[in-house]
Each structure stands twice: as C-alpha cells, then as structure tokens.
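Visitor: My structure is below; once you've seen it, I'll send some questions.
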Ligand code: AYL
C-alpha cells in the first residue's frame, strides 16, 4: 500500500533499494556467467550479433586498449558519435571500465552542435563509424589535447590518429586499469534542463546503478524483471540518450535479455525485425507507438509475440494505447503497456507504471520508484499540494545527478539545497499515489522524444543581422508530440522570408530542431516586466496560426 511518509512529502510505496558500491559496468555484467552463451545485442539490419561472453571480453579488451594504447587517463573524456549498433556497448563500457568519462552525441548532429558539446566538456578521443567519419574528423580538429579516433568497422590510419576497433581488440593490449569509485562521474549526457542551452549532466556510477536497481524492483515489476529469462527486446530509442542507454541498454543487459536494435529506423526494417525476431518486449517513444498503432504496413500478425511495451520520454495518450490494442486485437491483460517518466538529470527514471497496475490508470506515468520522494508544489504560492491538485513536480533520490558540468548557477537553480530536483513539469497524483503529467513550465520542446532547447534555436536565428528579436516555442503535433515554431521580429528596413529563417536553422542544427512548426513575423515578442519571453502566450498564438 502507498504511504505518505510525513506531512512534508510523498515516499515511494515500493520501499527502498540497497545502495552499494558497484560500478556501472560491474553491475551490468555482474551476472554474465549465468548467460554467457546467450545473445546480448544483435543488429537488426545486418544480423551482426555477440553473445554475452564475447561482449564482456570485448569490453575488457577495449578498456585495456584505451589505457594501454591510446594512453587515456582516468577522468579524461571520450565522445561517442555512434548510432545503435552492438559495438556501442563495447565502447561505452570499455571506456567506463578504463575510468573515462563518456559523453555521447546524436550522430546526425551537425559538426557545429557536436563541437560545442565536445569542447564544453573537454573531449580528448572520439569513437564513430565510417558514415560519420567526416564530421568526427572536423570535430577532432577543434579539440584540445586530442588523442585519436576509434573507427568501428574501419582500419588503422596512423598518420591521422585513427584506430580500427577490430585491430585494437585483436591486439589484446594489456594495461593497469584504474580502481574506480562509485561516486565518480562516468557519463555526461547533455540536457537543456529547465532553461537555456544544453548543459552537461554529471552522472555517477552510483546514480546509474541505483536507477537500474530502482526499475528492477521485483515487487513493483514482477514478471517484467525475471533475470535470465528468454526475452527478446526490440528497441529503437537511441543509446546516445539516457533512456536508451540506461533505461533500455543497461537495464536489459543486466537481466541477460536479448536486445535487437537497428542503426536507423525505417518502417520496413522495423517490421522485418518484428517478423524475424518475434520480440516479447518493445521499448518505444510515443511517436513509435503511434506508428505501430496507425501505420497501414503494421499488421496484427506482426504483433503477436509482444507481451510488454514500455513507453517513455514524452507524453502518450490513452487513445493511442487503445488504438494499438485494437490493432493487435488484444487486451491490457495480454499486453502490458507500461509508462516511464523521468529526466536526463535523474538517470532517468523516477516514475514507473507497476506491472500490475489497476484498470483505469493507463494514462498515468505510474508511481514513484523505490527510494524516491516527491512533492507537488503550487505554481502560485510555493505551497505543497495534496492529491488531485496540479503543481510543479519535485523529486529526490539517489538517481538525481551530481550537478551540471561547469555550471554551478544552473545546478543551484535545478537541484535545491535539500536535494530536490525541480523538474519544470506540472503533475498531480491521485488517491492511489499514481502520477499524471499534465503540462510543462520549462521552456523545453520535445520532438519525438528528442530535446529541443528553444535558446539554442533562438541563438542561431539571432545570428542573422536582420533579426531584432526572436522566440521559439513548441506547438502540438499529433505525430511528433511538438514541433518548434519561431516568432521573429525584424529590424526596421530589413527583410527576411519565412524560408530564409527556416534555412538558417536547417544549416546549423540537426533535423528535429528545424522549424517544422512554422515561422511567423510579428512586431514585438511578448515579454514580462523582467524581460522574460511569455512563452505561453506565444503557444496559444502558435497553435492557431
Ligand atoms: P529528457 N510523460 C510526459 N512527459 C515526459 C515523460 C512522460 N512519460 N517522460 C519524459 N517526459 C518529458 O531529459 C518531461 O517534460 O529525458 C521531462 O521533464 O530528454 C522531460 O521529458 C525530460 O526529457 C523512462 C523512459 C524516463 C524515458 C524517460 C525519460 C528520459 C527523457 C523514463 O522509462
């Protein structure tokens, strides 16, 4: 039964996890002996696959090569520019085992975007595949104390500082691997948080391991978390985002499940994977659930093996879930539709639908995971609110980040001195302590589960000399969730077309940040007395025009 711990805040009804001292890699591969011969990750496009024993050996060798051959030192940063391929595991866990700090970027980012991120946190080595080598090479020129690039699927090119992954692993380098501390930062993903440009989120081994333990709570997740079971997990959300990396990849690896993934989503490839691998579990974002529920190519016969679908990273609707069940001709008892809610800043999961959630709570993002506390705080007077009242959601737990990299001011604004993470999301909870996300007060725009920082897009538009002022907001879209839309004020006697504004963004930023919501010119951006953009007013305007 759910409990309110005291008058001050809500505690998880699922109790506490035991916080240990394990590193992330030790946790993920801790029980690998029990399933060493089973497949770990299979590339759904090429069929390339490694069993668990092989994967662990490659991780070990990669760690040794990074220290012994590339001369990387503990605490130094490595930047991954990789799609979802099995070797992602080798590089990220190899790096972590070597004591390095990983940051990952969307390979479809422009060089401008990756350069900003990699220079911000001081990346010294890169890992990528052939397709993204030109971007990686361009980025590497801007890095200080650059030590080389690892090329998955390619050969050595000593003159250019390029190391083929295969030759690194074959050489079986031996090195003294450092002793690691669970409080060390091992991952710096980027998130814009409640305001401003994307910032590095410092996550420690302990943050990430705790979150895995929290979501594997046997009382809460029952049949969903049986170690070593023959589960086949088909997944598309990117491993270079915290949901894909910890919530999907590490979670399923630590349970010994077979992960099938693809470097690039196409409807045909995805359906081919459904047919060939007969997955028992799907990890999706709402737009992918919409694809399954509504795309004419997806047939009932493709969906018969599925028992669990985990939806996360953005809001989904009851209607879409119903549509999906209708298509499969199944009920909620046949297929568990589970939802997760969280943030990069919380490793990421804080709320999760328990395996046996009661009927009528489908639209809920679930309950607090173990060892997690919450408050709903009034937007008007800062008071703590009771059930069925919407306010800002504050969260606390061992999965909350250490802070933003090199940005104490933003850290202080986001995690208060009592350790509460101010999410910038508006939520309420019901009489059974199930939570519902109803709105967002922060600026963040979510396009198909991807973060778009309005500030980042605004800054690009402001680089045009014709522009006097600009504001970018998200407008609702049935498929993508939201789309970025720009409101632009031109300097007097200056001209610019909508297309020119659109193209300005398209040249600098990756596809999902483009102004698909449109461009509108106006006389003045509505701002409050403090000069802050009144984004809600623009959203109302934006939805209409
Ligand atoms: P970030 N419903 C509504 N909004 C959501 C949800 C959800 N289920 N999940 C995330 N968001 C929004 O850092 C919300 O505004 O992390 C939140 O503050 O890219 C923001 O997205 C955070 O964006 C999972 C699977 C958590 C995924 C995640 C989310 C990771 C996204 C638990 O099981």
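Visitor: Is one or more of the residues making up the range 213-222 crowded, with 21+ Cβ neighbours inside 10 Å and in a strand (DSSP E or B)?
Guide: Looking for residues that are crowded, with 21+ Cβ neighbours inside 10 Å and in a strand (DSSP E or B), one finds none in the range 213-222, hence no.
Visitor: Evaluate the following for residue 201: is it in contact with a helix residue (DSSP H, G or I) (Cβ under 8 Å, 6 or more places away or on another chain), under 27 Å from residue 35 (Cβ atoms) and assigned to a strand (DSSP E or B)?
Guide: Numbers: in contact with a helix residue (DSSP H, G or I) (Cβ under 8 Å, 6 or more places away or on another chain): yes; under 27 Å from residue 35 (Cβ atoms): no; assigned to a strand (DSSP E or B): yes.
When the stated conditions are applied, residue 201 does not pass them.
Visitor: Against the condition near the ligand (Cβ under 10 Å from one of its atoms) and surrounded by 14 or more Cβ atoms within 10 Å (Cβ to Cβ), how does residue 368 come out, does it pass?
Guide: Judged against the criteria, residue 368 is not a match.
Visitor: Taking the range 277-315 only, how many residues are outside any helix (DSSP H, G or I), within 16 Å of the ligand (Cβ to nearest atom) and more than 21 Å from residue 239 (Cβ to Cβ)?
Guide: Looking only at the range 277-315, we keep the residues that are outside any helix (DSSP H, G or I), and these are 278-285, 295-299, 304-315.
Adding the requirement that they be within 16 Å of the ligand (Cβ to nearest atom) leaves 281-285, 308-315.
The next check asks that each one be more than 21 Å from residue 239 (Cβ to Cβ); those that pass are 315.
Within the range 277-315, residues that are outside any helix (DSSP H, G or I), within 16 Å of the ligand (Cβ to nearest atom) and more than 21 Å from residue 239 (Cβ to Cβ) number 1.
Visitor: Of everything in the range 450-483, what is within 20 Å of residue 314 (Cα to Cα), in a loop (DSSP other than H, G, I, E, B) and in contact with a helix residue (DSSP H, G or I) (Cβ under 7 Å, 6 or more places away or on another chain)? Give them in sequence order.
Guide: 479, 480
Visitor: Write out, first by first residue and then by second, each pair whose Cβ atoms fall under 6 Å of each other, whose residues are 6+ apart or on separate chains, and whose first residue, in the range 341-357, is in contact (Cβ under 8 Å) with a residue 12 or more places away in the chain and over 16 Å from residue 244 (Cα atoms) while the second is near the ligand (Cβ under 6 Å from one of its atoms) and in a strand (DSSP E or B).
Guide: Pairs found: 351/341; 353/339.
Visitor: Being farther than 30 Å from residue 289 by Cβ and either in contact (Cβ under 8 Å) with a residue 40 or more places away in the chain or away from the ligand (no atom under 14 Å from the Cβ) (or both), is that true of even one residue in the range 205-223?
Guide: yes
Visitor: What about residue 41, is it free of Cβ contacts under 8 Å to residues at least 60 places away in the same chain and surrounded by 19 or more Cβ atoms within 10 Å (Cβ to Cβ)?
Guide: no
Visitor: Based on this model, can you work out whether residue 438 counts as within 13 Å of the ligand (Cβ to nearest atom) and surrounded by fewer than 19 Cβ atoms within 10 Å (Cβ to Cβ)? Steps first, please.
Guide: Working: within 13 Å of the ligand (Cβ to nearest atom): yes; surrounded by fewer than 19 Cβ atoms within 10 Å (Cβ to Cβ): yes.
It is true that residue 438 is within 13 Å of the ligand (Cβ to nearest atom) and surrounded by fewer than 19 Cβ atoms within 10 Å (Cβ to Cβ).
Visitor: Could I ask something else about it? Return the only residue of 109, 52 being surrounded by 21 or more Cβ atoms within 10 Å (Cβ to Cβ) and closer than 28 Å to residue 182 by Cα.
Guide: On the way: 109 fails: closer than 28 Å to residue 182 by Cα.
None of the others qualify; the one that does is 52.
Visitor: To continue, here is another question. If you go through the range 224-234, how many residues are within 15 Å of the ligand (Cβ to nearest atom) and crowded, with 21+ Cβ neighbours inside 10 Å? Write out each step before concluding.
Guide: Just the residues of the range 224-234 that are within 15 Å of the ligand (Cβ to nearest atom), to begin with: 224-225, 233.
Still in the running and crowded, with 21+ Cβ neighbours inside 10 Å: 224, 233.
Residues meeting the conditions: 2.
Visitor: Report whether or not residue 515 is crowded, with 16+ Cβ neighbours inside 10 Å and in a loop (DSSP other than H, G, I, E, B).
Guide: When the stated conditions are applied, residue 515 passes them.
Visitor: Which residues, counting only those in the range 235-260, are more than 16 Å from the ligand (Cβ to nearest atom) and either free of Cβ contacts under 8 Å to residues at least 60 places away in the same chain or in contact with a strand residue (DSSP E or B) (Cβ under 6 Å, 6 or more places away or on another chain) (or both)?
Guide: Within the range 235-260, 258, 260 meet the criteria.
Visitor: With the structure loaded, tell me whether residue 423 is over 17 Å from the mean Cα position of the chain (by Cα) and within 10 Å of the ligand (Cβ to nearest atom) or whether it fails that test.
Guide: no
Visitor: Within the group 70, 66, which residue is assigned to a helix (DSSP H, G or I), surrounded by 21 or more Cβ atoms within 10 Å (Cβ to Cβ) and more than 24 Å from the chain's Cα centre (by Cα)? Explain how you work it out, then say what you get.
Guide: Working: 70 fails: assigned to a helix (DSSP H, G or I).
Exactly one of 70, 66 is assigned to a helix (DSSP H, G or I), surrounded by 21 or more Cβ atoms within 10 Å (Cβ to Cβ) and more than 24 Å from the chain's Cα centre (by Cα), namely 66.
Visitor: Do we have any residue at all in the range 12-30 that's crowded, with 21+ Cβ neighbours inside 10 Å, in a loop (DSSP other than H, G, I, E, B) and over 24 Å from the mean Cα position of the chain (by Cα)?
Guide: There is at least one residue in the range 12-30 that is crowded, with 21+ Cβ neighbours inside 10 Å, in a loop (DSSP other than H, G, I, E, B) and over 24 Å from the mean Cα position of the chain (by Cα).
Visitor: Now a separate question. Scan the range 165-186 and tell me whether some residue there is under 26 Å from residue 405 (Cβ atoms) and in a strand (DSSP E or B).
Guide: Here is the first cut: in the range 165-186, the residues under 26 Å from residue 405 (Cβ atoms) are 177-186.
From the residues that got through so far, the ones that are in a strand (DSSP E or B) too are 185-186.
Yes; the residues of the range 165-186 include at least one that is under 26 Å from residue 405 (Cβ atoms) and in a strand (DSSP E or B).
Visitor: Out of the range 193-210, which residues are farther than 20 Å from residue 80 by Cβ and touching a strand residue (DSSP E or B) at 6+ places or on another chain (Cβ under 7 Å)?
Guide: Listed by number, the residues that qualify are 193, 194.
Visitor: Sticking with this one: I'd like to check something: does the range 390-399 contain any residue that is in a strand (DSSP E or B), more than 22 Å from the chain's Cα centre (by Cα), within 15 Å of the ligand (Cβ to nearest atom) and under 30 Å from residue 525 (Cβ atoms)? Even if it seems obvious, please write down each step before you answer.
Guide: Restricting attention to the range 390-399, the residues satisfying the condition of being in a strand (DSSP E or B) are 391-396.
After this cut, where a residue has to be more than 22 Å from the chain's Cα centre (by Cα) as well, the list is 391.
Right, trim to within 15 Å of the ligand (Cβ to nearest atom) and you get 391.
Filter once more, keeping what is under 30 Å from residue 525 (Cβ atoms): 391.
Within the range 390-399 (the criterion being in a strand (DSSP E or B), more than 22 Å from the chain's Cα centre (by Cα), within 15 Å of the ligand (Cβ to nearest atom) and under 30 Å from residue 525 (Cβ atoms)), the answer is yes, since at least one residue qualifies.
Visitor: What number goes with the only condition from (1) touching a residue at least 40 places away in the same chain (Cβ under 8 Å); (2) closer than 22 Å to residue 347 by Cα; (3) assigned to a helix (DSSP H, G or I) that residue 114 does not pass?
Guide: That leaves (1) as the condition not met.
No value in this document is a laboratory result; all are computed from the given coordinates. Just so we're clear, the structure is a prediction, and the values are computed from it rather than from any experiment. Neighbour counts run over all protein chains shown; Cβ positions are idealised from the backbone, glycine included.
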